[in-house]
Amino acid sequence: MDKRGEIESKKSFVGSKFPLTFWEVTIASSVVVSFVLGLLGVYLTMPSSDYSFLKLPKSLEDLQILRDHLENYTSDYTIQVLVGYCVVYIFMQTFMIPGTVFMSLLAGALFGVFKGVALVVFTATAGASSCYFLSKLIGRPLVFSLWPDKLSFFQSQVAKRKNGLLNYMLFLRLTPTLPNTFINVASPIVDVPYHIFFFATLIGLIPAAYLTVRAGIALGELRSIGDLYDFQAIATLFLIGVVSITPTLMSKNKEE
């Protein structure tokens with residue numbers, strides 16, 4: 001497609017009220033049904049009880065209530081709790097549902113630092129990968145519709161950094177330069193290879209996961225989500241991000 005055709009295509013996507021076709025909606029719906037069946041399987045294997053507390057937490061108060069109830073089940077029904085946690089987290093990542101920070105805090109509260117970080121990194125990477133492949137199938141019209149300017153910027157940066165793309169993707173994962181949800185859905189559109197996407201996600205999410213999971217252990221001391229990312233925490237993430245991209249910058253200067 002030439003440049004003029006691409007511009008016209010973008011305009012048509014932006015102007016469309018619902019840019020997905022019937023088959024694209026069917027694919028997305030099938031993925032949703034698969035997750036629902038997974039959660040249903042977990043629910044059916046749990047003991048009979050009142051599970052009205054089970055809902056996606058939208059505040060620290062909701063999270064504390066969920067933590068208090070799930071602590072009673074985690075030791076006796078560890079597998080069910082783990083599977084349920086993974087399905088919910090991956091589902092939220094796949095469909096860009098906000099609130100995964102609460103799930104990361106919950107991992108720390110229920111499983112401790114080491115197991116919690118491993119669980120969060122695993123589910124976050126799996127969810128990001130699921131979002132990547134779903135976007136590869138049906139995401140192009142949505143990305144053009146929702147983030148046309150941001151997508152153009154990301155595409156130009158990826159094109160300029162082909163030789164050091166892993167370092168650049170690590171930088172993005174480590175710092176809040178671009179939202180993780182946008183990176184997940186836009187990466188296949190701008191031709192970021194999956195192996196680079198995967199390793200950048202797997203490694204780049206570890207520092208932020210550690211900060212969040214550690215805070216989850218002292219959940220009662222948190223007053224707001226903003227307490228997680230104070231100036232020191234953000235500065236540390238940026239410093240790690242700068243270190244990750246330094247080899248690429250040095251290589252570029254040598255070539256010039």
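Please label the shape of region 119-166 as rounded, prolate or oblate, based on the square roots a ≥ b ≥ c of the eigenvalues of the alpha-carbon gyration tensor (a/c under 1.5 means rounded; beyond that, a/b larger than b/c means prolate, else oblate). Because a/c hits 1.5 or more and a/b fails to exceed b/c, region 119-166 counts as oblate. Label positions at Ile97 and Asn72, each projected 7 Å from the Cα along the C-beta direction, are separated by 2.4 nm. Pairs spanning more than 27 Å between alpha-carbon atoms, out of Lys115/Lys136; Lys55/Lys136; Lys58/Lys115; Lys58/Lys136: Lys115/Lys136; Lys55/Lys136; Lys58/Lys136. Label separation (Ser34 vs Tyr51): 2.1 nm, computed from points 7 Å beyond Cα along the C-beta direction.
Segment Ala218..Tyr194, full-extension length gain: 5.1 nm, with 0.36 nm per residue of separation and the alpha-carbon distance subtracted. Here region 74-123 and region 161-203 have alpha carbon centers that stand 22 Å from each other. Taking 0.36 nm per residue of separation and subtracting the current Cα-Cα distance, fully stretching the chain between Lys160 and Trp23 would add 45.9 nm.
Where a number appears in this text, it was derived from the coordinates with a stated rule and is not lab data. Everything numeric here is computed off the predicted structure, so don't read it as measured data. When we count neighbours, we look across all protein chains shown, and the Cβ atoms used for this are built from the backbone with ideal geometry, even at glycine.
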